[in-house]
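Okay, structure first, notes after.
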Amino acid sequence: MQTLDSISADRMNGLFAEIESFTDPDFDGWTRTVFSPFYQEERHWMLRQFKNSGLQDVHVDPCGNIVGVLPGSNAFAEPVVIGSHTDTVERGGRFDGVVGVLGALEVAQRLRESGTLLKRPLMVIDFFGEEANPFGLTCLGSRSLVGHLTAQDLRRIGPEGQRLGDTLEAFGMDPSGILGMNKGRRMKWHAYLELHIEQSTALEDAGCEIGVVTAVAGIKRLLARYLGQYDHAGGARMRTRKDAVLAAASSALVLHDFACGNSGYAVATTTHIDSLQSAQNVVPGRAELRAEVRSTDTAWLTSVESDLAQRLSARAHDFGCDVDLEWFLDNEIVQTDPTLQQNIVGAATDLGLSWRAVPSGATHDSVHISRIAPMGMIFVPSVGGRSHCPEEMTPQSDILNGIAVLEESVRLADKGPVQRS
Ligand code: GLV
Ligand code: MN
Ligand code: MN
């Protein structure tokens with residue numbers, strides 16, 4: 001079925017065609033990583049789209065978020081807020097985040113054109129730098145907006161020795177403005193709703209059009225440093241080696257098997273194994289492994305560090321190496337608001353769309369925003385569950401369905417009370 005008219009369909013086609021041109025040509029797919037000139041250019045374009053959609057007070061806030069407002073009848077009421085992000089991973093896709101921002105602009109435009117005056121202001125946000133970056137902190141814009149980016153975070157060092165604070169400054173931002181958010185007024189929003197692609201297969205497998213998100217997975221990241229012994233790659237006999245790269249590589253399997261052992265939702269991904277020297281004729285004496293684990297199972301995620309400590313050091317010892325493990329919490333598991341879930345179900349049902357409850361394995365700006373507002377998420381299917389790759393695909397009809405559900409959910413949130421959980 002077609003839930004929205006051809007005006008919305010044409011407008012979305014036009015915007016998708018334009019935003020797709022902001023990409024680093026050196027990579028396959030779409031690459032608009034935070035701090036890149038391609039992202040900067042797209043943000044200039046996006047500011048114009050916010051204005052073209054008829055939003056007022058369009059500006060970039062101290063955290064780098066692009067913000068615009070559709071006024072309601074009561075300027076002092078807490079706003080309903082919708083949005084997502086438009087940065088991408090390297091070699092990413094066209095839909096992750098973008099569906100939520102362009103969809104939010106379309107909702108604002110449709111409400112304005114239909115002469116609908118909401119009671120509350122409707123705020124639209126394109127959040128700054130949501131994807132993982134070399135500083136190991138996702139969701140920079142939403143994290144700072146709720147006052148959770150600390151002075152210590154600003155001193156985090158990237159792989160080339162640069163500090164996060166200096167990198168933000170070089171991108172035209174003022175880190176002291178971000179820290180100001182920590183001390184400043186605690187803003188409160190009436191509700192936050194984010195439309196996003198599913199990035200998994202539950203909807204496609206069930207033949208469902210809309211996902212009602214129940215919880216967003218928590219994430220812990222691991223930096224493991226292996227210490228073995230440098231040796232001559234020709235002379236050292238196999239039995240006497242202390243090969244740090246081998247210990248790290250074998251540990252990737254420990255992480256993999258550990259996540260496979262959880263019968264619910266738990267995942268582990270090793271993303272880097274680095275030998276800390278480049279010669280090809282040296283047995284590596286040092287290595288680093290970077291990985292992350294995610295789950296919506298609180299018990300599993302809470303005990304993952306102690307559960308893995310023994311297993312990972314035993315595996316390192318099998319190869320004659322020692323290992324030092326450093327864990328970072330990226331974000332806790334976050335439940336979505338029950339009333340907003342019901343609103344989304346009601347909206348989908350009224351529109352004749354099939355829906356099901358789904359967890360989110362990907363993280364989102366919504367996780368951080370849940371500290372200042374009841375939060376809900378609407379998912380639309382991802383073909384084959386593919387995401388963070390050029391093959392990422394969501395058909396236009398599914399995107400239009402998601403926008404229709406977002407619009408209706410905004411109307412419901414504007415009218416009704418949302419219970420603060
Ligand atoms: C963002 O897409 C994440 O889940 O890391
Ligand atoms: Mn995303
Ligand atoms: Mn992503």
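The values are calculated or read from the model by the stated rules, or taken from the named source; none is laboratory data. Because the structure is predicted, anything quoted here is derived from the model rather than measured. In this analysis, Cβ positions are derived from the backbone assuming ideal geometry, glycine residues included, and neighbour counts consider all displayed protein chains.
Has region 297-319 got at least one residue that is under 21 Å from residue 360 (Cα atoms), of a type outside the set (Phe, Trp, Tyr) and in a strand (DSSP E or B)? Scanning region 297-319, I find no residue that is under 21 Å from residue 360 (Cα atoms), of a type outside the set (Phe, Trp, Tyr) and in a strand (DSSP E or B), so the answer is no. Can you name the residue in region 286-315 that is within 16 Å of ligand 1 (Cβ to nearest atom) and of a type in the set (Ser, Thr, Tyr) and is also surrounded by the most Cβ atoms within 10 Å (Cβ to Cβ) among such residues? Per the criteria, the residue is 295.
Summed over region 276-299, the residues that are of a type in the set (Val, Ile, Thr) and farther than 25 Å from residue 136 by Cβ give a count of 2. Within region 86-108, does at least one residue satisfy the condition of being more than 16 Å from ligand 2 (Cβ to nearest atom) and under 14 Å from residue 127 (Cα atoms)? Scanning region 86-108, I find at least one residue that is more than 16 Å from ligand 2 (Cβ to nearest atom) and under 14 Å from residue 127 (Cα atoms), so the answer is yes.
The one condition from (1) within 22 Å of residue 227 (Cα to Cα); (2) surrounded by 15 or more Cβ atoms within 10 Å (Cβ to Cβ); (3) out of contact with any His (no Cβ under 7 Å at 6 or more places or on another chain) that residue 347 does not meet is (1).
Identify, please: which residue in region 185-230 is over 19 Å from the mean Cα position of the chain (by Cα) and closer than 21 Å to residue 301 by Cα and is, among those, farthest from ligand 3 (Cβ to nearest atom)? The extreme case among them is 224.
The residue that is farthest from residue 326 (Cα to Cα), among those in region 209-226 that are surrounded by fewer than 21 Cβ atoms within 10 Å (Cβ to Cβ) and of a type outside the set (Ser, Thr, Tyr), is 215. Remark: residue 409 falls outside the filter, which requires a residue to be buried (at least 21 other Cβ atoms within 10 Å of the Cβ), at pLDDT 95 or above and either in contact with a Phe, Trp or Tyr (Cβ under 9 Å, 6 or more places away or on another chain) or of a type in the set (A, V, I, L, M, F, W, C) (or both). Please determine whether any residue of region 64-81 is within 14 Å of ligand 2 (Cβ to nearest atom) and either under 30 Å from residue 391 (Cβ atoms) or in contact with a Phe, Trp or Tyr (Cβ under 8 Å, 6 or more places away or on another chain) (or both). The answer is no; no qualifying residue exists. When residue 93 is tested against (1) under 25 Å from residue 13 (Cα atoms); (2) out of contact with any Phe, Trp or Tyr (no Cβ under 9 Å at 6 or more places or on another chain), just one condition goes unmet, and that condition is (2).
Taken over region 319-345, residues that are more than 29 Å from residue 372 (Cα to Cα) and in contact with a Ser or Thr (Cβ under 7 Å, 6 or more places away or on another chain) amount to 2. Could you list, in sequence order, the residues of region 139-157 that are among the basic types (Lys, Arg) and either at pLDDT 95 or above or part of a helix (DSSP H, G or I) (or both)? Answer for region 139-157, where residues must be among the basic types (Lys, Arg) and either at pLDDT 95 or above or part of a helix (DSSP H, G or I) (or both): 143, 155.
Within region 371-388, identify whether any single residue is touching a residue at least 24 places away in the same chain (Cβ under 8 Å), within 24 Å of residue 136 (Cβ to Cβ), assigned to a strand (DSSP E or B) and hydroxyl-bearing (Ser, Thr, Tyr), and answer yes or no. The answer is no, given that none of the residues of region 371-388 is touching a residue at least 24 places away in the same chain (Cβ under 8 Å), within 24 Å of residue 136 (Cβ to Cβ), assigned to a strand (DSSP E or B) and hydroxyl-bearing (Ser, Thr, Tyr). Checked against (1) outside any helix (DSSP H, G or I); (2) at pLDDT 95 or above, residue 421 passes all but a single condition, namely (2). Put simply, of 356, 371 the only residue that is surrounded by fewer than 21 Cβ atoms within 10 Å (Cβ to Cβ), more than 19 Å from the chain's Cα centre (by Cα) and away from ligand 1 (no atom under 16 Å from the Cβ) is 356. In region 111-134, the residue that is farthest from the chain's Cα centre (by Cα) out of those that are surrounded by fewer than 24 Cβ atoms within 10 Å (Cβ to Cβ) and within 14 Å of ligand 2 (Cβ to nearest atom) is 133. In the set (1) touching a residue at least 24 places away in the same chain (Cβ under 8 Å); (2) within 22 Å of residue 96 (Cβ to Cβ), the condition left unmet by residue 345 is number (2). Among the numbered conditions (1) without any contact (Cβ under 8 Å) to a residue 24 or more places away in the chain; (2) outside any helix (DSSP H, G or I), the only one that residue 195 does not meet is (1). Pairs meeting the criteria (first residue in region 213-235 and under 30 Å from residue 355 (Cβ atoms), second residue assigned to a strand (DSSP E or B) and of a type in the set (Ser, Thr, Tyr), beta carbons under 9 Å, at least 6 apart or on different chains) are 213/360; 214/360; 215/360; 216/360; 217/295; 217/360; 218/295; 219/295.
The residue pairs whose first member lies in region 158-177 and is assigned to a helix (DSSP H, G or I), whose second member is aromatic (Phe, Trp, Tyr), and whose beta carbons are closer than 9 Å, counting only pairs six or more residues apart or on different chains, are 164/135; 167/35; 167/135; 168/35; 170/35.
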